[in-house]
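The values are calculated or read from the model by the stated rules, or taken from the named source; none is laboratory data. Keep in mind that this is a model prediction, so the values were computed, not measured. Here the Cβ positions follow ideal geometry from the backbone for every residue, glycine too, while neighbour counts run over all protein chains shown. Quick note on the areas: whole protein, heavy atoms, side chains included, nothing else; ligands and nucleic acids left out. Shrake-Rupley method; radii C 1.70, N 1.55, O 1.52, S 1.80 Å.
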Amino acid sequence: MPFTATVAIRPLLLAASIFGFAATTTAKPLSEESASITGTVIDEPGGQSANRVAAIHKQAVFVDMHAHPSRFHRANVARIESDELARYRRGLMDVVVCNISTDAAFSGDYVKRDGTEVKRGELPRPRPGEPFAFTLDRFTRIARTVDDGEAVLATSPEVVLDAKRQGKLALLAALEGGDGLEARVENLRELYRRGLRLLQLVHFRANELGHIQTYPYSPGGLTPFGREAVHEANRLGIIIDLAHANTETIMDALKESSQPMLFSHTGVKALHDSDRSLSDDEILAIASKGGVIGIWPNGESNPTMDDMVRNIDYVKKLVGIDHVGIGSDLRGMASYTPEFGEDANFQAIAEALLAHGYSNSEVGKVMGANFFRVWQKVRVKAQH
């Protein structure tokens with residue numbers, strides 16, 4: 001039996017009362033036809049798929065749950081580039097979760113400001129303060145993109161809703177791996193002050209927070225600092241992302257957290273047996289806490305869009321439509337499902353779901369409303 005979502009999708013007026021922002025600014029729908037932009041989508045079967053996707057987008061927030069636009073986290077760029085932002089706008093996306101892979105400060109594979117390439121495995125262990133400085137440098141790239149007026153910083157659901165009404169893209173600042181925190185909860189608080197709204201505990205190395213699902217494998221789950229970070233993230237209203245975590249870390253984090261969590265970019269192990277995929281037990285555990293599994297357009301595991309939809313179908317049938325979303329890992333992997341491609345055709349995902357018989361409401365949930373629901377709950381319960 002599918003799990004029942006722990007938080008019902010709220011109409012816009014109710015969302016206004018929950019978040020405390022003015023009803024005069026939130027009661028107005030995006031269009032005369034809009035019922036809600038938090039996930040309650042009116043089903044109108046038939047019609048051209050592109051038109052249906054556009055109609056769904058008027059009523060739901062579309063979110064890429066995991067990305068590295070313009071490779072801002074590793075390349076020598078001053079900001080996220082305009083053409084990358086344009087791709088997201090063409091794809092009708094409203095929110096991009098922009099991830100800084102802070103483990104690069106330990107493992108390399110990035111370009112310095114002076115153009116020097118730091119190859120993977122060639123770095124000495126960083127000195128205290130260097131990983132956090134690396135993280136702050138990448139934060140400035142998100143901030144500069146916002147300061148240049150091409151996007152807004154997604155600091156709250158209310159900000160995103162307002163940006164959507166204005167036709168603006170929202171960038172949600174995120175850490176891929178808590179390595180850059182240097183085991184200091186004060187650094188998490190400082191990053192929150194600067195706009196951090198999502199923390200992925202681990203990436204490609206076991207760190208001060210937990211352990212990873214890929215080589216080099218290491219036994220163990222959430223560390224004492226990992227538990228502290230989860231509790232502080234709950235208090236501040238920072239979303240926790242379990243991507244790359246091993247089973248022990250996943251289960252420990254779910255036990256410690258008072259809020260639902262994500263696993264932002266992955267596939268289903270039952271369909272493609274790889275280290276990066278999730279087992280049924282892991283999917284069930286994340287969903288039981290009200291969380292969301294992000295399926296990715298990975299060209300190795302999903303050579304066709306039908307393969308990607310098959311993964312979404314699997315999660316839907318196992319735990320319900322309220323627990324699946326999209327995480328592209330754009331600019332973070334070697335190849336993409338062809339229909340999605342380097343040009344990041346998010347509409348192709350929505351159109352494929354419609355072609356496979358998904359309702360407008362179901363497509364809206366997968367394309368972002370499920371993520372948005374989780375974020376709303378995390379923010380409502382925050383104690384900062």
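Note on the chain: Lys pairs 8 or more places apart or on different chains, Cα atoms under 14 Å apart, count 8.
Can you order the peptides 108-117, 263-272, 150-159 by their average number of other Cβ atoms within 10 Å per residue, highest first?
My ranking of the peptides, most packed first, is 263-272, 150-159, 108-117.
In plain terms, the C-alpha convex hull of the stretch 52-161 casts an average shadow of 8.0 nm² when viewed from every direction. Ordering Met308, Met333 by accessible surface, largest first, gives Met333, Met308; the 1.4 Å probe counts only protein heavy atoms, with every chain in place.
With both residues required to sit in the chain, DSSP beta bridges show an antiparallel share near 10%. Looking at the chain, the accessible area is 38 square angstrom per residue; that uses a 1.4 Å probe and ignores ligands, DNA and RNA. Starting at 0 and stepping by 20 Å, how many percent of the alpha carbon pairs of the chain end up in each bin? Bins of 20 Å from zero give 31, 62, 7 percent of pairs. The protection proxy used here, the mean number of other Cβ atoms lying within 10 Å of each residue, ranks peptides 126-134, 224-232 as follows, highest first: 224-232, 126-134. Give me the one-decimal nm value for the distance between modelled label points at Asp306 and Arg127, 7 Å along each residue's Cα-to-Cβ direction. About 5.8 nm separates the two model spin labels. What the Cα atoms of the stretch 97-203 give is an Rg and a Dmax of 14.8, 48 Å. For the stretch 279-328 and the stretch 70-98, compute the distance between their C-alpha centroids and round to whole Å. So the two Cα centres are separated by 24 Å. Suppose the Debye formula is applied to equal point scatterers at every Cα of the stretch 237-357; what is log10 I(q)/I(0) at q = 0.10, 0.12, 0.14 Å⁻¹? Cα-only, vacuum Debye calculation for the stretch 237-357: -0.28, -0.40, -0.55.
The portion of the accessible surface of the chain made up by carbon and sulfur, rounded to a whole percent, is 51 (1.4 Å probe; DNA, RNA and ligands excluded).
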